[in-house]
1. Between residues in the stretch 11-25 that are free of Cβ contacts under 8 Å to residues at least 40 places away in the same chain and assigned to a loop (DSSP other than H, G, I, E, B) and residues that are surrounded by 11 or more Cβ atoms within 10 Å (Cβ to Cβ) and not hydrophobic (A, V, I, L, M, F, W, C), which pairs lie under 9 Å by C-beta distance while being six or more apart or on different chains?
2. Determine the pairs where a residue that is under 22 Å from T22 (Cβ atoms) and modelled with pLDDT under 85, located within the stretch 36-62, has a partner that is hydrophobic (A, V, I, L, M, F, W, C) and part of a helix (DSSP H, G or I) with Cβ atoms under 7 Å apart, the partner being 6 or more residues away or on another chain.
3. Filter the stretch 8-52 down to the residues that are aromatic (F, W, Y) and exposed (fewer than 10 other Cβ atoms within 10 Å of the Cβ) and list them by number.
Amino acid sequence: MSADSPEPGRLAPDREALLRTTLVLSVDERVAWLEAMMAIAIESGALPKRVPDQLAGARRER
């Protein structure tokens, strides 16, 4: 096990810090944070550009 590897059943320190940070946020703050992270990923090319919900199948008429 490397020095950076956590004990079994524990998160790596950077992931634990991220989890603790996001747990103290309100739901609205979490949504805003996630949207900001998605925008960064899209702008960097790590995620494809968004398509309208209707094309993506996110909204389905019943």
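The values are calculated or read from the model by the stated rules, or taken from the named source; none is laboratory data. Nothing here was measured: the structure is a model prediction, and the numbers come from that model. Note that each Cβ is placed from the backbone with ideal geometry, even for glycine, and that neighbours are counted across all protein chains shown.
1. What qualifies is A12/P6.
2. L47/M38; L47/A41
3. none
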